[in-house]
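Shown next, in structure tokens, is the structure this report addresses.
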Amino acid sequence: MKTLMIKVHEVWLETLMAALMSQTESKQVLYDFSDMLFRHFSWLENELIELGESYTYDRDPVSIKVTRLRDLLHDIINRLNEIDLQLLSSPDKELDSRIASDIHYMREVLVHMDDEVVTAFNMKRECPKIKLSDEARDALTLFLFEESYKEYELIMVYNYLRAHSDDAELIRVFGILIEESFFHFKQFGEMMAKMGILAVPRVVMSELYQVDDVENFLSKGIQEELAAKEECIKLSQAVAGESPELSHFFEFINNQENYHIVLMTKALEHLKKEHNG
């Protein structure tokens, strides 16, 4: 089961990367498939928890650097084939059947998906229709690398905390924060792909998500969100004179962080109230 969950984690991430680099109508299909695979990943995780097995989110490196989309699609299909075989070891036959059915459909679609040239790794660092100074381009590049990893990290952390919680309010909050982090990750990933600097985020260390003190985690998380707001403001100001469009985008992201802080503050207050009786 642990190996199966790892393999699903890897193919989910690879499919998400394929969606980011696609520039055709295949993009939405790949996004849908990546969402489906993330659900599979979460369901398998819940199975491990019910069985009382310990686990981490460790995985092997996921190689995505291709010049043609078909090469990545071929690798995704091979990964799905491996998962299909390993599903036989799953103790939950209903879950096994559901995942297998999804995989069979995805494979059929991917086999017939149109090929396309991939430019997500050309390292040009150019924003389409936007002319940036070297300073602004460097600031944007650094921000995207740091924040895309951070959003992936948050997806994994919130997902782990949600899976290990039996508190309805915390499950609700973590669910919203996962969705928000997915949105930000996709937005930043799209920009990275257009600039030719797309990259797979590094593996998240287990000590970041295997949290014993959730109250302390939320307190620190609020401070991190405040710091993220500052970075968005700095970047918005850095590109304001050259691209009002980019400036407005980062103001938009900055404003979204406000609600994240509200959610985390409410969750923290809820926990304190529960602990104090």
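Of everything in the range 105-124 that is part of a helix (DSSP H, G or I) and out of contact with any helix residue (DSSP H, G or I) (no Cβ under 7 Å at 6 or more places or on another chain), the residue that is surrounded by the fewest Cβ atoms within 10 Å (Cβ to Cβ) is 108.
Here's the yes/no breakdown for (1) free of Cβ contacts under 8 Å to residues at least 60 places away in the same chain; (2) more than 20 Å from residue 253 (Cβ to Cβ); (3) in contact with a Gly (Cβ under 9 Å, 6 or more places away or on another chain):
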| position | (1), (2), (3) |
| --- | --- |
| 73 | yes, yes, no |
| 87 | no, yes, no |
| 90 | no, yes, no |
| 94 | yes, yes, no |
| 107 | yes, yes, no |
| 132 | no, no, no |
| 144 | yes, no, yes |
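Annotation note: of 35, 102, 58, 75, the sole residue that is exposed (fewer than 14 other Cβ atoms within 10 Å of the Cβ), acidic (Asp, Glu) and at pLDDT 95 or above is 58. The sole residue among 162, 125 that is outside the structural domain of residue 37 (by TED's automatic domain parsing) and at pLDDT 95 or above is 162.
Exactly one of (1) assigned to a loop (DSSP other than H, G, I, E, B); (2) modelled with pLDDT of 95 or more is unmet by residue 53. Its number? Here residue 53 meets the rest and fails (2).
Of the helices (runs of 4 or more DSSP H) lying entirely inside the range 198-277, those containing at least 1 residues that are basic (Lys, Arg) and out of contact with any strand residue (DSSP E or B) (no Cβ under 9 Å at 6 or more places or on another chain) are 214-240, 244-276. From the list 214, 239, the lone residue that is farther than 29 Å from residue 12 by Cβ, over 20 Å from the mean Cα position of the chain (by Cα) and surrounded by 15 or more Cβ atoms within 10 Å (Cβ to Cβ) is 239. Just one of the listed residues (103, 49, 130, 83) is touching an Asp or Glu at 6+ places or on another chain (Cβ under 6 Å) and either within 30 Å of residue 211 (Cα to Cα) or among the aliphatic types (A, V, I, L, M) (or both), namely 103. Among the residues of the range 205-216, is there at least one that is outside the structural domain of residue 38 (by TED's automatic domain parsing) and closer than 30 Å to residue 244 by Cα? Within the range 205-216 (the criterion being outside the structural domain of residue 38 (by TED's automatic domain parsing) and closer than 30 Å to residue 244 by Cα), the answer is no, since none of the residues qualifies.
Just so you know, in the range 242-277 the residues that are aromatic (Phe, Trp, Tyr) and surrounded by 17 or more Cβ atoms within 10 Å (Cβ to Cβ) include one that is farthest from residue 158 (Cα to Cα), and it is 249.
Restricted to the range 56-104, and to residues there that are part of a loop (DSSP other than H, G, I, E, B) and of a type in the set (Lys, Arg), the residue that is nearest to residue 22 (Cα to Cα) is 65.
For the range 171-189, state whether one or more residues are part of a loop (DSSP other than H, G, I, E, B) and either small (Gly, Ala, Ser) or not assigned by TED's automatic domain parsing to the domain that holds residue 139 (or both). So far as the range 171-189 goes, no, none of its residues is part of a loop (DSSP other than H, G, I, E, B) and either small (Gly, Ala, Ser) or not assigned by TED's automatic domain parsing to the domain that holds residue 139 (or both). Each residue in the range 157-177 was checked for being under 14 Å from the mean Cα position of the chain (by Cα), surrounded by fewer than 20 Cβ atoms within 10 Å (Cβ to Cβ) and touching a residue at least 24 places away in the same chain (Cβ under 8 Å), and 1 of them qualify. Entry remark, the range 221-236: residues being more than 21 Å from the chain's Cα centre (by Cα) and among the basic types (Lys, Arg) number 1 in total.
The values are calculated or read from the model by the stated rules, or taken from the named source; none is laboratory data. Since we're looking at a predicted model, the values are computed, not measured. Here the Cβ is made from the backbone with ideal geometry for all residues, glycine too, and neighbour counts use every protein chain on show.
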